[in-house]
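Visitor: Structure provided below as C-alpha cells; questions to follow.
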Amino acid sequence: MSRKKTVADASPHVVEWVVGFMSTLLVVAMIGFIGFEVFSEEGGPPRLAVSMLDQRSKAAPNELLFEIANSADTTAAAVVVRGELHIRGSADVETSEAQFDYVPAHSKARGALIFSTPVEGENVAIRVVGYADP
C-alpha cells in the first residue's frame, strides 16, 4: 500500500518562499518610506505666486485671467487674490478680489478678476493678499 501525501506533509514550494520574501520586502519598504516622510518633512508656509495670463477675451474685456501656483509642500486655504486697475489719466484705482477655497501643495489654479472697465492697455497689479492654514 502506498502512502498518500497530505497537506501537512508537503514542504513549501520555492514560489511560496519567493512571494513571501517579496511581500516582506514590500511591507518593510513602505514602512521605511512613511517613516522617512514623517521625519524629513520640512513643512513651512505655502509659497504662492500669481501671474496674469495672456488670454484676453473680446467677449469679456473687463475680465483678467490669472493663475496661482503653490510650490510648497503645504496646502493653503481661503486664498485671496486682489487685483488693482490703475486707470490711465486718472488717480482712480479699481480693485477686484477672487477667493480660492484651497490651493493644494505643488499645484496650480486659475481664476479671473472682473473689473467695471476694460483692462486692455491699463496698468494692472495683481497679488496674493492672504491665506489660512487648513
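Visitor: Being more than 31 Å from the chain's Cα centre (by Cα) and not in a strand (DSSP E or B) is the filter; apply it to the stretch 74-95 and report the residue that is nearest to N62 (Cα to Cα). Walk me through how you get there before you give the answer.
Guide: Restricting attention to the stretch 74-95, the residues satisfying the condition of being more than 31 Å from the chain's Cα centre (by Cα) are 86-93.
Right, trim to not in a strand (DSSP E or B) and you get 87-92.
Working: I87: 13, R88: 15, G89: 18, S90: 18, A91: 19, D92: 16 Å.
Out of the qualifying residues, it is I87.
Visitor: So in the stretch 13-71, with the set limited to residues that are among the polar types (S, T, N, Q) and assigned to a helix (DSSP H, G or I), which one is nearest to E97 (Cα to Cα)?
Guide: Step one: of the stretch 13-71, the residues among the polar types (S, T, N, Q) are 23-24, 40, 51, 55, 57, 62, 70-71.
In the following step, the residues that additionally are assigned to a helix (DSSP H, G or I) were identified as 23-24, 40.
Values: S23: 53, T24: 53, S40: 36 Å.
For the stretch 13-71, the residue satisfying everything is S40.
Visitor: Only residues that are within 14 Å of the chain's Cα centre (by Cα) and loosely packed, with under 12 Cβ neighbours inside 10 Å: list them for the stretch 44-73, please.
Guide: Within the stretch 44-73, P45 is the sole residue that qualifies.
Visitor: What residue, of F33, F39, is aromatic (F, W, Y), at pLDDT below 95 and surrounded by 10 or more Cβ atoms within 10 Å (Cβ to Cβ)?
Guide: Numbers: F39 fails: surrounded by 10 or more Cβ atoms within 10 Å (Cβ to Cβ).
The match here is F33.
Visitor: A further question follows. Can you tell me which condition R127 does not meet? The list is (1) touching a residue at least 60 places away in the same chain (Cβ under 8 Å); (2) surrounded by fewer than 13 Cβ atoms within 10 Å (Cβ to Cβ); (3) more than 17 Å from M52 (Cα to Cα), and all the others hold.
Guide: Exception for R127: condition (3).
The values are calculated or read from the model by the stated rules, or taken from the named source; none is laboratory data. None of these values were measured; they are calculated from a predicted model. All Cβ positions, glycine included, derive from the backbone under ideal geometry; neighbour counts span all protein chains shown.
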